[in-house]
Each structure stands twice: as structure tokens, then as C-alpha cells.
Amino acid sequence: MSVEQILILGVNHKTAPVAVREKLAFPDIEVPLAMLAEVPGCEEYCFLSTCNRVEVIFTSSDPEKSTRHIRSFLFASSDLTEEEAIAYTYLHQGTEAITHLYRVAASLDSMVVGEPQILGQLKNAYREASERNCTGVILNRLIHKAFSAAKRVRSETNIGSSAVSISYAAVQLAKKIFGDLKNKKVLLAGAGEMAELAAEHLVAQGCTEVIVANRTLENAVKLAKRFKGKAVSLAELHEQLEVVDIMVSSTGAPHLILKKDEVLPLMRTRRNRPLFFIDIAVPRDLDPEINEIDNVYLYDVDDLSQVVEINKSDRATEATKAERIVLDEGLKFLGWLGNMALAPTITDLRKKADEIRLAEMEKTLANLDLSEKEVKAIDKLTSAIINKLLHNPILHLKDDCHSDTKQLKLDMIRRFFDLDSQK
Amino acid sequence: MLFTGTYIVYALATTLYLVFFSSQNRKVRTMARRLLLGAGVLHTITLIARYIAAGHTPLTTHHDTVSFFAWSVTWAFLSFRWRYEIKNFGTFVSLVIMALMTVARLSSQVVNELPPALQSLWLPIHASIAIAANGFLALGFCGGIMYLIQDRQLKKKNFGVFYHRLPSLEALDQLSQHCLTIGFPMLTLGIMTGSLWAKQAWGAYWQWDPKETWSLITWLLYAGLLHQRFAIGWRGRRTAIMSILGFAAVLFTLWGVNFLLSGAHTYVR
């Protein structure tokens, strides 16, 4: 199996605006998995869909053809042309695909770097796929290693703590404004991962009501359910702002969704009760000038990190560390993949048997006083035994069959004889 | 002597409050509180002694007025402490008390003869209510200053010494509302009793002498603030600024009028 047969096709918050991503939303994972089974050349596949990304991780015997099919299937429900679809998607192949997947798992590709939800979402996606036998030897190994890469990044760098501490900082600031957060109402604009985390912290501190406003009501309803709150559409934003105390914005819209002139008249109806805006979207959702209004406080991600005294350069060095871990894990996977072929497996198998034979011979001969002729005879004897013993397994490996079963056989033999552990 | 003793205890309490502010050591705060309470008690004794020495309510000299003002602030603060706690409020209040006490200390402590016009039961009633009102308004002033500092920290997003030490904006806003709801009725009552007394002493309820005029200006400022707060829902920075301005008017009524303008109240020196 060549590494070039591993691919990832997808869209995320960096390549496509939210309006495009929403058109690719698949509420039921069954549908895309069933569709992917029909894609020509596609052998193993996994489908990941979150608020900020839709990705298909797959292996294919005919990458070009499979990619075309998958792309047209992803954009089937949108009215975009193929050129537009190509412009919005990214395609990673080979080592690039491996690195990309590991970066996603380690939350280096997230809107808020280090937010912890993405790993859980990837695990779910993998479970759904593997339960339906959509993944095989390659993807099983690849995705499991993505989890370990993510774990290493989490334990060896501080990248995770910065996302957590950003929502912690938001809570601290809210307390400096409102004193007590009991009975305060939170509005989440955009159903993003980071918004969810911030809301969790705020609810834990006593906020009673969570209102979720999103462009697609479906996602809003899903998130609102988690907090036993209500879902509204983004068009109702102004009305909601008359009653809520805190707004967490993460819509990922390409332009500002709220301007100073829109907030100003609201303050009169609010009778000047303070409003706390938390803007965690990149690019920003909220007009920075909103902060100039009396009793209104606006903080974006950079401001929040300032509160917890994590400066940008710290975050940058942690990110570099994380990238190194990702590359390191990628290389390990490549090493494994390189061995997952016929010739190296047979060589490894022979080598392993021969090592055992030579070691045992040396042990035995040390205690015996044999002539050169006798030693030669024993050498010949042992060689014949292992050759005969390995003959059938090797024939079985060489047997022409469907490439899926071939990978399985290679994997099985490698595991039977423990060929990967010594390296 | 007694006054000097009180002054020293206040000074110690203020110093400890400042130490607490920078170190945030709870033991220091407990000591500061006890000292302030001690100073308050001692101050009360001082005032009683002063009453005995003068033979009438000691509110007719500048020294006595300011000293009583400081006493009002102290007890207004202690009465608040009884009900709820505001983080590091004591530091700000003790500085105001200290400033007033210093002014009192620097002015002549000679007991004056009471002019016939002031020999009335109205003297203790009017003067003490008016000055006690100032005590609560002074607390409102401290709250306003603290609010403006904290608001600025949150708006400018530079989190200095004050950010962690000052309470939430909500708590400070509540505080200023409490001070106002107690201070304003007392101020009103002070002006009304003054007016009744004026009728008795001078034959007219109101004669637009500078003290009266400035009391009215002060009253209008606070009345406006209350109106805006309850009718329109003003709060936060604007009300903080208003309570600082209101207190500035209080101080001007107390001093500015006496030293810059002249009128019927001028014999209160």
C-alpha cells in the first residue's frame, strides 16, 4: 500500500465561509457512510462532521476518481459549481493527509487552538465508521495513532490549557462585572466548540438560562438541548440581546454581525443593565467599538488570553512544540506503513526466524564439543525447519487476492510474529 | 488630648488598611477593622467631652463640624459593614476619614460662644442630621471612585493592582444605591429642619443665603441622580460620576461657601 493512497478531502472554517459549510451539514451519519461505500476505488473511509469542519478520511486505489466522486457527493445538496466546490475544499494526500489528521485531532487546526472537543468528535466519527466496517487495517492504525498524537500534545504542551483558561478568564471577567452569575442569561451566537466550552463554565458558575442562536436551527437545537435552553435563529439576535446578560459569539461569519449603532438603542430598553460580550470568532463577529458604550464590555480571544497572562509568544512556542509531536507521530506511522507491504514483511519474517534460530544454536553449541561437520549439519537442519515452517504463511501472503484482504493478511502475520514491536 | 488620641488611632487604622490593600493579608484587615472600631468609639467619647466642655452641641466651629463629619463617615461605614461586606472598601473610606480628621486637627479647636440665634433645640437636630447625611454621601463618593477605577480597568483591559482588589461593578453600583437611599432622605430632612429653624430664628423659611443655595444645588444634584436611576435606569459610570459631583457639591457647601462667600451661616467657623 502506497502512502499516496491515503487522502483527506474536506472543508473547514479556514477554507469555506459558514454559509457554505452549513450546506454540507449531514445530521445523520448513516447517510454519508452509505454513500461513501458506493464511491469507486474507495476502500476505507471515515466521515467527520463538526460545526467547523466536514472531512472525509479515506484510502483509495484510484485517488483521482474517488476524490471527484466524494466531492460531488459532499456538494450534492448545494447549488455550487464544481469549480467553486474545488475552491472551498482542501485535498491532502499521503504524508500531508497524515499530518493534517494529526493536527486536527490535536486541536491545532481548530478555530480556537487547543479546544478539547474535537478529539471526542473524531473518536465518535471513528466509532461510527468502524462499527459499520468502513475502516480497515490502514485507517484503524492511522486514526488510533492520531488519538495518541493528540494525547501526547495534550500532556506534553500547554496548548489545551490555554483554551480552557480562556473560558475560565471569561468567567472571571463576568464575575467582576456581575458579581454573582446566578440567574444570569447567556446567549450563544454560533454553535461552535469553544462557545460550548465557555457556556459550560458559565453554567457551572450559576448562569441559569442558555439561549443558542445559529444560522441553522438544527445545530442550535442540538446545543440548546445540552443546556436545557432554547434555540433561536440569528435573525432574532437583537430581541434576545434585550434580555440576556452575556453573549458568546463564535459564528465564523466573514464580517461583523453586530455593530455599535445596533447595541446603543438596546441599552435603553435594558435600562442600562450591563452587557458582557465575548467574541471568540476569528475573524471577529463583533464591532470592537461596542466596548465604548457605557455598561457594555467587549472582549475578544486576545483580550481574554491577556487576562490569564498567556501571551501570544507563549502560545506560539507551545504550538511549535505541538507541531513537532505531530510530525514525529506522522513519521512513526509512515514507518509502520512502509512495512505493511509484501516484500518487507517476508524479509522481516525471515529475519525474525533466523535471529531466533541463530540465538538458540549459539546457546546449544556452547555446551557441546562438536566437529565442524556436525555443526554444519545442525545449521542445515534448523534452516530447513524454519523454511518449511514459514513456507505456507509466505505462500498465503503472496496469494493474489483483493487488496483489502491483503492488508488484513499482512497485518495478521505482522501481529502473529510480532514484527513491529522490536522497532 | 482626647482628639489627638483619636487622631492617632485613626491614623493607625488607615495605615493598616493601606498595608492590607497592598498585601491582602487577612490578619492585617482584622486588626485594621478593630482599630477603626476603637477609633470610632474613642471619637464618640471625644465628641461627648467636647459637648461638656462647650456646654452646647459642639457643631458650631469649623473644627467640630469637620470632626463630626469624620465621625459620621466612620459610623456610616461601620453600620454598612454590619450588613454586608465590600472588598477593600475600608481602605478608601479610611483615607477619606483621615483627610477629614487632618482638616479638623489643623483648624482651631477653641470653643466658641454661641450667638443667641443659634441657641435652640434645632441646633443639634438640624446640624447633626445634615452632617450625618454627608457621612453616607461620602461613602457613596468612595463607591463612585472605586466604580470608575474598576470600570476603567475592565474597559481598557489592563489589569493592574486595582483589578483584583476591587469588588465587582455590580457590588459597587449596589453600594452607591444604598448610600443614596439613606443619604438623600437625611439630606432632605437636614434642609427641611434648617428651614424650620430659619423661620424661628430669622423669621423666614428661606432667604437664599449661599449655604442655603448650595444645599439646594446639592440636593437637586442628588435628586436628579435618584430620578435618573429609578425612572430611566441610569446606572454604572454615569451614576458614579454623579455621586462624585454630588459629594463635591457637599464639600463646597461645607467649605467653599464659608471661605469664599458670606451669608447668614458665616458664624459657623
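Bear in mind that the values in this text are calculations on the coordinates, not laboratory data. Everything numeric in this text was worked out from a predicted model, so none of it was measured. Cβ placement follows ideal geometry from the backbone for every residue including glycine, while neighbour counts extend to all protein chains displayed.
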Review point. Helix B:210-227 sits at what angle to the longest principal axis of chain B, using alpha carbons and giving 0 to 90 degrees rounded to 10?
Key: 40
Check your understanding: Can you give the relative contact order of chain A as a percent, counting alpha carbon pairs under 8 Å and 6+ residues apart?
Key -> 14
Check your understanding: Give me the log10 of I(q) over I(0) for chain B at q = 0.08, 0.12, 0.16, 0.17 Å⁻¹, as the Debye formula computes it from C-alpha points; what are the numbers?
Key -> -0.33, -0.74, -1.24, -1.36
Exercise for review: For A:Lys259 and A:Phe417, calculate 0.36 nm times their separation in residues minus their Cα-Cα distance, and state this gained length in nm to one decimal.
Suggested key: 50.3 nm
Check your understanding: Okay, helix-only estimate at 222 nm for chain A: each DSSP H run of n ≥ 4 adds -39500 (n - 2.57), divide by all residues, round to 500 deg cm²/dmol; what do you get?
Key -> -18000 deg cm²/dmol
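Which pairs, out of A:Lys145/A:Lys409; A:Lys182/A:Lys228; A:Lys65/A:Lys406; A:Lys259/A:Lys321; A:Lys14/A:Lys182, put more than 28 Å between their alpha-carbon atoms?
Numbers: A:Lys145/A:Lys409 20 Å; A:Lys182/A:Lys228 16 Å; A:Lys65/A:Lys406 22 Å; A:Lys259/A:Lys321 38 Å; A:Lys14/A:Lys182 37 Å.
Listed pairs above 28 Å: A:Lys259/A:Lys321; A:Lys14/A:Lys182.
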**Study point:** Total charge dipole magnitude, segment A:16-105, about the Cα centre, Cβ charges on Lys, Arg, Asp, Glu only, Debye to nearest 20
**Key:** 260
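Mind putting a number on the dipole of the protein assembly as shown about its Cα centre? Charges go on the C-beta only, +1 for Lys and Arg and -1 for Asp and Glu, and I need it in Debye to the nearest 20.
Numbers: 76 positive and 70 negative charges, 582 e Å.
Computed about the Cα centre, the dipole is about 2800 debye.
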Check your understanding: What does a probe at B:Ser23 reach in segment B:62-106, counting residues whose amide N is under 11 Å from the point 7 Å along Cα→Cβ?
Key -> none
Check your understanding: Roughly what would the spin-label model give for A:Asp302 and B:Ser120, points 7 Å off Cα along C-beta, in nm?
Key -> 6.6
Practice item. Just rank A:Glu22, A:Glu55, fewest to most, by other beta-carbon atoms within 10 angstrom. Key: A:Glu22, A:Glu55
Check your understanding: A:Val296's amide H: which non-local residues (gap 5+, or another chain) put their own amide H closer than 5 Å, with H modeled 1.01 Å from N in plane and none for Pro or chain starts?
Key -> A:Leu275
Exercise for review: Using R₀ = 25 Å, calculate the FRET efficiency as 1/(1 + (r/R₀)^6) where r is the Cβ-Cβ separation of A:Ser383 and A:Leu342; round to 0.05.
Suggested key: 0.65
Point to revise | Amide N of segment A:12-56 lying under 16 Å from the label point, which is placed 7 angstrom from the Cα of A:Ala87 along Cα→Cβ | key: A:12, A:14-21
Revision key, fill the gap. Given Cβ charges of +1 for Lys and Arg and -1 for Asp and Glu, the option among A:Ser49, A:Thr95, A:Met35 whose Cα lies farthest towards the positive end of the dipole of segment A:22-114 is A:Thr95
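Going by how many other beta carbons lie within 10 Å of each one, how would you line up A:Ile346, B:Ile191, A:Ile98, fewest first? Mind showing how you got there, number by number?
Values: A:Ile346 16, B:Ile191 20, A:Ile98 27.
Going from least to most buried by this count: A:Ile346, B:Ile191, A:Ile98.
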Review point. For chain A, modelled as a GNM with alpha-carbon contacts under 10 angstrom, which of A:Gly330, A:Gly179, A:Gly338 fluctuates the most?
Key: A:Gly179
Review point. In the protein assembly as shown, what % of DSSP beta bridges are antiparallel (nearest 5)?
Key: 45
Practice item. Mind giving me the nanometre distance, one decimal, between the label points for B:His227 and A:Ser233, set 7 Å out from Cα along Cα→Cβ? Key: 4.5
Check your understanding: Stretched out fully, how many nm does the piece from A:Glu4 to A:Lys151 gain, at 0.36 nm a residue minus the Cα gap?
Key -> 50.3 nm
Review point. Using the Cβ atoms and a cut-off under 14 Å, what net charge is assigned to the surroundings of A:Lys182, where Lys and Arg are +1 and Asp and Glu are -1?
Key: -1
Check your understanding: Summing -39500 (n - 2.57) over the DSSP H runs of n ≥ 4 in chain B and dividing by its residue number, what mean residue ellipticity at 222 nm do you reach, to the nearest 500 deg cm²/dmol?
Key -> -25000 deg cm²/dmol
Study note, to complete from the structure: Summing +1 per Lys or Arg and -1 per Asp or Glu among the other residues with Cβ less than 12 Å from A:Ala149's Cβ gives +3
Revision key, fill the gap. Across B:His62, B:His227, B:His178, the residue with the highest GNM fluctuation in chain B (Cα network, 10 Å cutoff) is B:His227
**Study point:** Cross-link reach list, lysines versus A:Lys363, counting only Cα pairs under 28 Å and skipping chain neighbours closer than eight places
**Key:** A:Lys351, A:Lys352, A:Lys373, A:Lys376, A:Lys380, A:Lys388, A:Lys423
Point to revise | Percentage relative contact order, segment A:31-78, counting C-alpha pairs under 8 Å, at least six apart | key: 35
Check your understanding: Where the centre of each part is set by its Cα atoms, how far does segment B:187-255 sit from segment B:6-46, in angstrom?
Key -> 31
**Study point:** For chain B: relative contact order, % (alpha-carbon pairs under 8 angstrom, 6 or more apart)
**Key:** 19
